[in-house]
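The values are calculated or read from the model by the stated rules, or taken from the named source; none is laboratory data. Note that this is a predicted model, so its numbers are computed, not measured. Neighbour counts run over all protein chains shown; Cβ positions are idealised from the backbone, glycine included. For accessibility, only protein heavy atoms count, side chains too; no ligands or nucleic acids. Shrake-Rupley method; radii C 1.70, N 1.55, O 1.52, S 1.80 Å.
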Amino acid sequence: MHTTSWHSVGPSLDECIKCNICTSYCPVSAVTDLFPGPKYSGPQAQRFRESGQPDTPDQAVDYCSGCRVCNEVCPTGVKIAELNARARAQIAKEKGIPLRNRLLGRNELMGRIGHYAPRLANFGLHNAVSRFLAEKVMGIARQAPLPYWSTDGSFGAWFKRTQKERLHARQKVVYFHGCATMYYEPFIGKAAVAVLEHNGYEVIVPPQNCCGLPMLSNGEFAAAEGYHQRNVNSMAGLARGGYPIVGTSTSCTLTLKEEAPELLDMHSPDVTALKMGVWDIFEWLRELHEEGKLRTDFRPINLKLPYHAPCQYRAHRVGKPALEIMALIPELEIPESHARCCGIAGTYGYKTEKYQIGMDVGEELFQFVREQGDDVTMTACDSETCRWQLEHGTDLPSRHPIEVLAAAYGLYDLETRELTSQSNSM
Amino acid sequence: MKRINTEILVIGGGATGTGIAWDAALRGFAVALVERRDLTHGTTGRYHGLLHSGGRYVVKDPQSAVECIQENRTLRHTHAHCIEETGGLFVVTPEDEGDFPDLFVQGCAETGVPCNEISVAAALRREPLLNPRISRVFEVPDGSADSFLATHATAQAARQAGARILTYHAVTGLLVTGGDGDKRVVGARVMDAVSGEEIHIHAAMVINATGAWAGRITGMVGIPISVIPGKGTMVAMNHRLVNTVINRCKMPADGDIIVPVHTVAVIGTTDERVADPENLRIEPWEVQLMLDEGEKLVPGISRARVVRAWAGVRPLYQEDYTGDSRDATRKFALLDHQRGHGVAGLITITGGKWTTFRLMAEKTVDLAVDYLGERQPCRTASTQVPGAEQGHYWLGHRLHEIEEEHLQGELICECELVTRTMIENAAKRNPTVTLDDIRRDVRLGMGPCQGGFCTYRAVGILHELARQAEGAGPTEEETKEGTERDAAWEVAYLQSPRHNLSADERPARDEAGLQPNLLLRDFLQERWKGVTPILWGRQLKQERLDELIYLNLMNADHLPQTGEKSPLTDFYLYDATPNEQTEAPA
Amino acid sequence: MIDYLVMGAGLSGLMSAYAAVQSGHRVKVIAKGLGALHWGAGSIDVLGYLPQARDAVVRRPLERLADLPANHPYTILGPAAVQDGLDKFMRLTEELGLPYYGAEAAGENLLLPSPAGALRPAFLAPAAQSAGTASDDAPMLIVGFERLRDFYPELIAENLTRQGIAARAVKLPYELLSDRRDANTVQLAQELDDENRTERLAEFLREAVRPGERIGLPALLGLARHAQVVTRLALAAGAPVFEIPTLPPSVPGIRLFNTLRAGLEARGVRVEAGMEVIEMNAEEGVIRWVASETSARPLRHSAERFVLATGGILGGGFMSDHTGRIWETVFDLPLTTPQSRSQWFRPAFLAPDGHPVFQGGVRVNAAFQPVDAQGAPCFANLHVVGGALAGCDPLAERSLEGLAIATGMNLLKE
């Protein structure tokens, strides 16, 4: 399955000139011997893999966090992280997938189950006894920063409830909220809707499901393929109709754009139409700004806000548009992190055997935040799991840049994470 | 001048020669084998690595097919660890018309080559890169083989049975008694290529197993024989694009096979008559032809990275034959020079193919027995060589062993997963004159970077070994004892990281004389020679990085030197760069 | 809108960005990945060997520029501009805390021990390397470490001795560097940033060194705290300490890259990796934009002027195929390289005159604009710097970094 093909991943191993730049920048192999590094596990080991061998030649590839720093620094264009993801899928296919990984891969299902009784679910998940059991029975690290279900209802419920108050306009934009916004952080979606409407766009939220990334990173390719196909069925038409599809979760948008088509070898016209229609929300706002259409009626925000562009965001290869747009906000000081990765890498840092690796990887980022001084009260980062990890590692609250932007428009309270009365959305 | 007495002297350290030494030693003969370079330096080490099922010969040469399938089964037992059970497919591409597929099926049935037609869909599931436009697919028990390891293992088995294997010993003349009519070869004059010492080896029977070079030996006693050197050019792709041997289902021709062997896929071969088996050029049209033909089996293959090209010479014997070399017989030729030319004490074995080397050896020793008298029966068909108990080779075994034993930090050749201890032990267990010898032992420098990183490292390691051996090198006495100890050397495990967790305690032998700067230059040049024919695109970029390492970083072209040469320096310097003058034959 | 878009984050790209931003321009650097600085020795080679006389090392490079062919980038620039670029580089690296030094006899090449023990001609070297110069007659103690696969002290010492330089070798336990089973030199350098490790290593060095010797170590003496590590080791060992570069990845090269990148960012220049240029648009000989590959649609970058700093064959600036075609990857600029594989190589890998395929490149005019066969600029607003330039083989003549600095720093020179 998917081990070799002429589509870009397989043959990209031919690009490797063994120069070791990737290994020098890999945040995981920098802190542990358990992962032999991207060159070793990627293009090097790939030459020794085929399906149906007497034994799995290397299990260590499972310690790749999939952060894609290797892809970013590789001077010759080897798709190292994707080679590793496929190797993991091959192992999963031959050896089976542990229950824990199946569960972590089903972020959406977990979200949906919990959101019916969020307080109970939060208690159930977050009390010491169940975390202890989750660690012992399933291998989910006790200390890992698992999310809390929204006690305020899901984003979907809010969006439906407030339909009458929503802006209806000729210009429309499609919003892909992702599972975290849906069940854990509906306020991110509210901020996004507020920002988009403030700029005169009507927001469409079509039926959608999990992007499939958690499954891809846990080697469940077949299941991920079904998820992606459903999203394609639901949104390809909108993409074809010229509606931009924006997302606030950097890893979801990356999956829709590239990871799912590439890893799963899905290249139908519909898949490609969706791929080409998806934007990270700031990537799209930057386009708007370049066309002179972004409203810049910002209120000053007098804040020192250390910003970390997550590895999954950098993997879009569009630069750091959130940073560029936030830089327009008066008085906002944004020290930029050059840390390679926060360490959580999706579901990686949740796993008992990888929790400490994740924290060691994140230390570079935590240290950067600490070095910014005591007057720092909050950080910013685009990806949900990274924010949770950042909060876990620094004890400071962390915000999505869209929250910051909504606040700058006067539509959102950064402290309470609620829309203000000025927004026409309550 | 040294003198050695033996019963049988074998000339040539390829598959056939070592096979003969093994067979004869097992039958109870005293045997010495001389090879002018390293084992497998000639044709054996330069073939595509196919373990024939016989399928390629069922129509054209049924007797060869019968021999192949028989030996295929035998070698899977005797040399298990040298063979990968890849299986093979014969595919009918849109260009292969006519009734050949039906003849093929019929031929398989008649020769006993197992053949199973499978659906195109099943073939594509197994090999996703295969041309989807193929119309029929037949499955046969082809395999791939490591001819370096197999020859080392055979030589090891021969040593254990008492044979003496002398590499870097070149025959400079034959020892002859009698005159016209009752001429008898009684041994050979041999030159130790490293020390320059001359040795006379006296033997009751001299067996000439020098393949394409056979005429040079017989010429020493005035016997002209016609061995056609048929040059076969092969290209190795940077990774295995297929995991099954893929053959075109048609009459054997140029570029009609892809063999997955170790980490690469080899497209083979051309077939060109050449005058000189020694200095082979690889012409641009040959490389182009391999890629063009490869495209018909695996569309897109010419865009993939080619890591190396090389050529070997098939020894094709046919009396008074002057036609195309591919049409010359692949059957082997066993020449009894007493009956044929009135020169006693000399047998020549040539022709054939790697898959049938054991059978050739058996028949040769049978002939020698006619003159020397019966001892014990041939036992090579049922005796496993050392290392065979490891079971069949599988692609991931090194990766697996490296991980299990936590050896990632010990890797010297990172492309082919060679550890420091593997190199040290190879140097101690097999005579080492150049790094190319180590390459054949452990696959040093055979991956994508073609020695870019590991040449320097291996030189550093060998130099350290040599320094340790200085003053503590083995005495003459110890060397003699060493010959007996040879039998216990675990040469057969050279390629296994797990079997080389600790360095051998025996002192380094020949390394005391190694000159690091010469080792470095020789190996860089040896690698260069094999990449220039395919140097473009990504491999050219790789080579430029290798240049950066050896020019800017090492300043290797300005290392102190005294003009010293190894026995192979000139061989490596032969100009193999692409040459525009030669056109493809019409 | 930015003024200069620099493509390539090797030394020539970073130097161009610096030259442009110093002149008050808005500059951005994009690159496919991180490049050439991570491979080399971290020293600045200006000219080590002349094309026609590769057996004799060039003693005073700037005085020999006149011996280079007319189409050589140094000739096009002229010696004064080359000197000026190097001076600026020295001032910049000093300001940024990673000072580079030349030979004591001003204008001469340093001769520095290579990891094989040859003497390598470099014009400037970071402080830690320049202390290994052969012009100093203090004997050398070359210190290696067990298991370290990228450094062989006995080989270095023996070759140095053969060249009349007193040297001996010693190997120390690997555990002094790391408790890891597997680490490359960059990771080891990071481990030595830890003061406790430095102290322990210093103790062993003090034991090993004899009076009057200087200590040569593999180039992994700290990354972020490099200067402190070297100072501490030398003080504690009571002997000068110098670095010998190792196989890629190059720790000294990464130090230089990090230093220059930080210096540029402090001046408001973003250096973005992971962006490969795949498309360009020009109207009437003026480039309007280039576009880089992303996870979905190409990303356009508009600018007033564009700088091509993508290097040659190794940097990825040129690509070639089996038909013998070789092309420049962004603008398909005309190349002087022979378009036939039969003219690319010489039989010997270490051929004294190098390989023709590596000597070709982009032909430029005095303003370093690429020109066509008639000598007319291909584009009005494009400049080419560094490894892509025709008329030189920067590896064979040991001019790689010097060319990058000289052409980059002089980007705005009229």
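Descriptive notes on the structure:
- Count of residues meeting criterion [more than 21 Å from residue B:566 (Cα to Cα), of a type in the set (D, E, K, R) and buried (at least 24 other Cβ atoms within 10 Å of the Cβ)] in the stretch B:1-51: 1
- Residue check: residue A:65 meets all listed conditions (1) within 14 Å of chain B (Cβ to nearest Cβ); (2) surrounded by 19 or more Cβ atoms within 10 Å (Cβ to Cβ); (3) small (Gly, Ala, Ser); (4) not in a helix (DSSP H, G or I) but one, namely (1).
- Every pair of residues 6+ apart whose Cβ atoms lie under 9 Å, when the first sits in the stretch B:399-416 and is on the phi > 0 side of the Ramachandran plot while the second is in a loop (DSSP other than H, G, I, E, B) and open to solvent by 10 Å² or more (accessible area, probe 1.4 Å): B:406/A:33; B:406/C:181; B:406/C:182
To keep it simple, each residue is scored yes or no on (1) out of contact with any Gly (no Cβ under 9 Å at 6 or more places or on another chain); (2) in a strand (DSSP E or B); (3) crowded, with 22+ Cβ neighbours inside 10 Å.
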| residue | (1), (2), (3) |
| --- | --- |
| B:234 | no, yes, yes |
| B:250 | no, no, no |
| B:266 | no, yes, yes |
| B:276 | yes, no, no |
| B:279 | yes, no, no |
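- The set of residues from the stretch C:152-182 being open to solvent by less than 40 Å² (accessible area, probe 1.4 Å) and facing chain B (nearest Cβ under 7 Å) comprises C:152, C:155, C:159, C:182.
- Condition met for residue B:377 (under 21 Å from the mean Cα position of the chain (by Cα) and either of a type in the set (D, E, K, R) or open to solvent by 10 Å² or more (accessible area, probe 1.4 Å) (or both)): no
- Scanning the stretch B:387-401 for residues that are more than 8 Å from chain A (Cβ to nearest Cβ) and not small (Gly, Ala, Ser), we see that the one that is farthest from residue A:87 (Cα to Cα) is B:389.
- Filtered residues of the stretch C:183-208 (kept if buried (at least 18 other Cβ atoms within 10 Å of the Cβ) and more than 14 Å from chain B (Cβ to nearest Cβ)): C:186, C:189, C:190, C:192, C:197, C:198, C:201, C:202, C:205
- Selected residue (only one of A:364, A:403 is in a helix (DSSP H, G or I), modelled with pLDDT of 95 or more and open to solvent by 20 Å² or more (accessible area, probe 1.4 Å)): A:364
- Subset of the stretch A:125-168 [in a loop (DSSP other than H, G, I, E, B) and loosely packed, with under 13 Cβ neighbours inside 10 Å]: A:127, A:151, A:168
- Residues of the stretch C:330-353 that are under 29 Å from residue B:554 (Cβ atoms), more than 9 Å from chain B (Cβ to nearest Cβ) and assigned to a loop (DSSP other than H, G, I, E, B): C:336, C:337, C:338, C:353.
- Hey, residue B:172 touching a Lys or Arg at 6+ places or on another chain (Cβ under 8 Å) and closer than 14 Å to residue B:13 by Cβ or not: no
- Selection within the stretch C:116-128 - touching a strand residue (DSSP E or B) at 6+ places or on another chain (Cβ under 6 Å), open to solvent by less than 10 Å² (accessible area, probe 1.4 Å) and within 12 Å of chain B (Cβ to nearest Cβ): C:120, C:121, C:122
- So residue A:312, is it of a type in the set (S, T, N, Q) and either assigned to a loop (DSSP other than H, G, I, E, B) or open to solvent by 30 Å² or more (accessible area, probe 1.4 Å) (or both): no
- The set of residues in the stretch C:253-291 that are open to solvent by 30 Å² or more (accessible area, probe 1.4 Å), assigned to a strand (DSSP E or B) and touching a helix residue (DSSP H, G or I) at 6+ places or on another chain (Cβ under 9 Å) contains only C:270.
- In the condition set (1) part of a loop (DSSP other than H, G, I, E, B); (2) surrounded by 24 or more Cβ atoms within 10 Å (Cβ to Cβ); (3) not small (Gly, Ala, Ser), residue C:112 is compliant with all but (1).
- Only one entry in C:77, C:37 is closer than 16 Å to residue C:403 by Cα, touching a residue at least 12 places away in the same chain (Cβ under 8 Å) and within 14 Å of chain A (Cβ to nearest Cβ), namely C:37.
- Extreme residue, modelled with the highest pLDDT, among residues of the stretch B:573-586 that are facing another protein chain (nearest Cβ under 7 Å) and surrounded by fewer than 22 Cβ atoms within 10 Å (Cβ to Cβ): B:573
- Candidates C:85, C:97, C:117: the one that is within 26 Å of residue C:411 (Cα to Cα) and touching a helix residue (DSSP H, G or I) at 6+ places or on another chain (Cβ under 6 Å) is C:85.
Residue by residue, here is whether (1) within 27 Å of residue C:298 (Cβ to Cβ); (2) outside the structural domain of residue C:223 (by TED's automatic domain parsing); (3) surrounded by fewer than 24 Cβ atoms within 10 Å (Cβ to Cβ) holds:
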site	(1), (2), (3)
C:9	yes, yes, no
C:14	yes, yes, no
C:21	yes, yes, yes
C:28	yes, yes, yes
C:32	yes, yes, no
C:39	no, yes, no
C:47	no, yes, no
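- Flag for residue A:55 being open to solvent by 10 Å² or more (accessible area, probe 1.4 Å), over 30 Å from residue B:86 (Cβ atoms) and within 12 Å of chain B (Cβ to nearest Cβ): no
- Which listed residue is open to solvent by 30 Å² or more (accessible area, probe 1.4 Å), closer than 19 Å to residue B:194 by Cα, part of a helix (DSSP H, G or I) and more than 7 Å from chain C (Cβ to nearest Cβ), from B:570, B:522: B:570
- For the stretch A:71-103, a tally of residues being part of a loop (DSSP other than H, G, I, E, B) and farther than 21 Å from residue A:354 by Cβ returns 6.
- Restricting attention to the stretch B:420-451, the residues being of a type outside the set (D, E, K, R), open to solvent by less than 10 Å² (accessible area, probe 1.4 Å) and part of a helix (DSSP H, G or I) number 8.
- For the stretch B:336-374, the set of residues classified as charged (D, E, K, R), in contact with a Leu (Cβ under 8 Å, 6 or more places away or on another chain) and crowded, with 19+ Cβ neighbours inside 10 Å consists of B:358 only.
- Subset of the stretch B:544-581 [farther than 18 Å from residue B:435 by Cα, touching a helix residue (DSSP H, G or I) at 6+ places or on another chain (Cβ under 8 Å) and among the hydroxyl-bearing types (Ser, Thr, Tyr)]: B:577
- Filtered residue count, the stretch A:20-35, keeping only those that are open to solvent by 10 Å² or more (accessible area, probe 1.4 Å), in a loop (DSSP other than H, G, I, E, B) and at the interface with chain C (Cβ under 8 Å from one of its Cβ atoms): 3
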